[in-house]
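Read-outs: derived from the displayed coordinates by stated rules, not from any lab. All figures in this text were calculated on a predicted structure; none of them were measured in a lab. Heads up, the Cβs are rebuilt from the backbone with ideal geometry, glycines too, and the neighbour counts pull from every protein chain shown.
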């Protein structure tokens, strides 16, 4: 994600529809603007 939290979040959402496993290097940069993003994303998937 090259340290860009917006790109990391977009890639995470795109990864939901991609086949196979999605790994995002530097995903921790998301905590800069949305620390609960991963928890919220999983909750929305339920």
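A compact table of results
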| item | result |
| --- | --- |
| Mean projection area, nm², convex hull over Cα of the chain | 3.1 nm² |
| Sorted peptide list for 1-7, 16-22, criterion being average Cβ within 10 angstrom, highest first | 1-7, 16-22 |
| The chain, helix-only ellipticity at 222 nm - DSSP H runs n ≥ 4, -39,500 (n - 2.57), divided by all residues, nearest 500 | -13000 deg cm²/dmol |
